[in-house]
Each structure stands twice: as C-alpha cells, then as structure tokens.
Amino acid sequence: GIQVEQSPPDLILQEGANSTLRCNFSDSVNNLQWFHQNPWGQLINLFYIPSGTKQNGRLSATTVATERYSLLYISSSQTTDSGVYFCAVVTNDYKLSFGAGTTVTVRA
Amino acid sequence: DAGVTQSPTHLIKTRGQHVTLRCSPISGHKSVSWYQQVLGQGPQFIFQYYEKEERGRGNFPDRFSARQFPNYSSELNVNALLLGDSALYLCASAVSPEDEAFFGQGTRLTVV
C-alpha cells in the first residue's frame with residue numbers, strides 16, 4: 001500500500017513563531033487532506049487539497065502532486081495550535097491512508 | 001447542521017465480550033468509513049460503506065464487521081474482544097467515497 005511519511009515527528013514552537021510541516025507520499029493520489037487532532041481525539045478538517053495552494057487564516061497548505069508531497073504552514077502560532085497534525089491521502093480505493101502525525105507544542 | 005455523531009463516547013468492556021459502535025453521518029452523506037486509532041499512531045482504515053454496500057475492508061480480522069442502514073447510519077461490531085482492541089474508533093462520512101471526509105468525535109473503547 002501507499003506510504004505516507006510526515007516530518008518532523010515533533011515540533012516545539014514559541015508563541016508567534018512560524019513553522020512548516022511536511023507530508024511525503026509514495027504513489028499517485030486522488031486527494032489529500034490535512035487534519036488537526038484536538039486533545040479529545042476529534043479530527044478537525046484543515047484542508048482538502050489534492051493539488052495547488054489554499055489558505056485559511058494563519059494556516060496555508062500546498063500540494064505538489066507530481067512530486068508527491070504536501071506542506072502545511074502555520075504562521076504566528078498560538079497555544080491553541082498545539083496538537084497532532086495528520087496528513088491523509090486517498091488513492092484509487094478511496095480509503096484514507098494516514099501518516100504518523102506531527103505533534104506540535106506551542107509554548108506561551 | 002449536525003456533524004458526524006458517534007455513540008457511545010466511552011466504553012469499557014471485558015475480554016471476550018462483544019461491542020457495537022454507532023455512527024450517524026452528516027445529512028446528505030452516503031459514504032461512511034471506520035478507522036481504528038491506537039495511542040501514538042495515525043488512524044488505520046477498517047471499513048468503507050457507500051450506498052449500503054461494502055466498498056473496502058482494511059487488514060483487520062473477521063471479528064470486525066460493519067453494516068450501513070437505509071438511512072446511511074452505520075454500526076461497527078467487534079466480537080471476542082481482545083486487550084489489543086483498546087483504541088479510539090473513528091467514523092468518517094462523505095458525500096461519496098472520493099469526496100472530503102469529515103470525522104466524528106470518536107468512541108474510546110477500553111478492553112480490560
């Protein structure tokens with residue numbers, strides 16, 4: 001099956017800092033989603049981004065499908081940005097294959 | 001509009017017992033998928049149902065089964081529970097399998 005690798009595994013930021021999370025995938029994908037998992041376990045949709053660039057407030061994402069990677073940018077980080085960020089890709093079987101996640105800790 | 005709802009939110013079961021988890025998709029969504037997330041890992045695909053038919057199954061034993069009802073809600077059943085089945089079980093819904101998926105809050109199952 002497809003391999004999804006996220007880096008870095010852990011990220012510690014000072015409030016106000018910017019950061020970039022990366023997702024590499026091993027095969028062609030139909031779609032890609034970024035999620036933020038809150039401390040209670042719910043996966044919150046951030047971006048649905050099979051290709052191109054999208055922005056939502058302080059967050060933006062870019063997917064370069066031909067080179068098999070996606071980036072999630074967090075600008076001016078806040079303590080509420082803490083949590084685990086997951087990248088998940090969809091292939092021809094239409095199931096989501098998740099990476100292992102990046103754990104982000106934002107310190108005040 | 002209501003999001004994806006799962007019940008119960010927490011559950012404690014004994015080894016060997018059976019458990020049923022329930023999921024109601026977002027109104028208008030016909031695709032429901034189930035995922036298992038153990039601590040420290042990303043969610044793993046268990047089942048996908050679309051228009052009441054099984055469209056995909058992950059690498060899980062036959063103790064795991066699911067179904068989708070005419071109203072598109074879904075149940076996940078696990079028989080002969082093992083300690084290793086302790087996990088967060090997540091349900092996702094989408095308009096169709098290739099569309100954006102939205103997740104419920106999950107059911108946290110503890111097997112003792």
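Of note:
- Boolean, B:Tyr35 is of a type outside the set (Val, Ile, Thr) and over 27 Å from A:Thr103 (Cβ atoms): no
- Some residue of segment A:72-85 being hydrophobic (A, V, I, L, M, F, W, C) and out of contact with any Ser or Thr (no Cβ under 8 Å at 6 or more places or on another chain): no
- Candidates A:Ile74, A:Ile12 - the one that is farther than 30 Å from B:Tyr49 by Cβ, touching a residue at least 12 places away in the same chain (Cβ under 8 Å) and in contact with a helix residue (DSSP H, G or I) (Cβ under 8 Å, 6 or more places away or on another chain): A:Ile74
One line per residue, one yes/no per condition, for (1) in contact (Cβ under 8 Å) with a residue 60 or more places away in the chain; (2) farther than 20 Å from B:Leu90 by Cβ; (3) out of contact with any helix residue (DSSP H, G or I) (no Cβ under 6 Å at 6 or more places or on another chain):
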residue: A:Leu32; (1), (2), (3): no, no, yes
residue: A:Phe35; (1), (2), (3): no, no, yes
residue: A:Asn45; (1), (2), (3): no, no, yes
residue: A:Lys54; (1), (2), (3): no, yes, yes
residue: A:Arg58; (1), (2), (3): no, yes, yes
residue: A:Thr62; (1), (2), (3): no, yes, yes
residue: A:Arg68; (1), (2), (3): no, yes, yes
residue: A:Gly83; (1), (2), (3): no, no, yes
residue: A:Val89; (1), (2), (3): yes, no, yes
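- Tally of residues being facing chain A (nearest Cβ under 7 Å) and surrounded by 24 or more Cβ atoms within 10 Å (Cβ to Cβ) across segment B:93-102: 1
- The residue that is surrounded by the most Cβ atoms within 10 Å (Cβ to Cβ), among those in segment A:38-85 that are under 15 Å from A:Val106 (Cβ atoms) and within 14 Å of another protein chain (Cβ to nearest Cβ), is A:Tyr85.
- Checked against the criterion of being in contact with a strand residue (DSSP E or B) (Cβ under 6 Å, 6 or more places away or on another chain), crowded, with 20+ Cβ neighbours inside 10 Å, farther than 21 Å from A:Leu46 by Cα and aromatic (Phe, Trp, Tyr), the candidates B:Tyr49, B:Tyr89 yield just one match: B:Tyr49.
- Subset of segment B:9-25 (residues that are crowded, with 16+ Cβ neighbours inside 10 Å and farther than 19 Å from A:Trp40 by Cβ): B:Lys13, B:Val19, B:Pro25
- Segment B:49-81, residues that are out of contact with any Asp or Glu (no Cβ under 7 Å at 6 or more places or on another chain) and closer than 27 Å to A:Thr102 by Cβ: B:Gly58, B:Asn59, B:Phe60
- Residue within segment A:13-32 that is in contact with a Pro (Cβ under 8 Å, 6 or more places away or on another chain), of a type in the set (S, T, N, Q) and closer than 19 Å to B:Ala101 by Cα present: yes
- In summary, A:Asp93 fulfils each of the numbered conditions (1) of a type in the set (Asp, Glu); (2) more than 9 Å from every other protein chain (Cβ to nearest Cβ); (3) in contact with a strand residue (DSSP E or B) (Cβ under 8 Å, 6 or more places away or on another chain); (4) free of Cβ contacts under 8 Å to residues at least 12 places away in the same chain with the single exception of condition (2).
- Residues (β-branched (Val, Ile, Thr) and within 13 Å of chain A (Cβ to nearest Cβ)) located in segment B:10-39: B:Ile26, B:Val32, B:Val38
No lab work stands behind these numbers, since they all come straight from the coordinates. Note that the coordinates shown come from a computational prediction; the quantities given were computed from them, not determined experimentally. Reconstructed Cβ throughout: ideal geometry from the backbone, glycine too, with neighbour counts over all protein chains shown.
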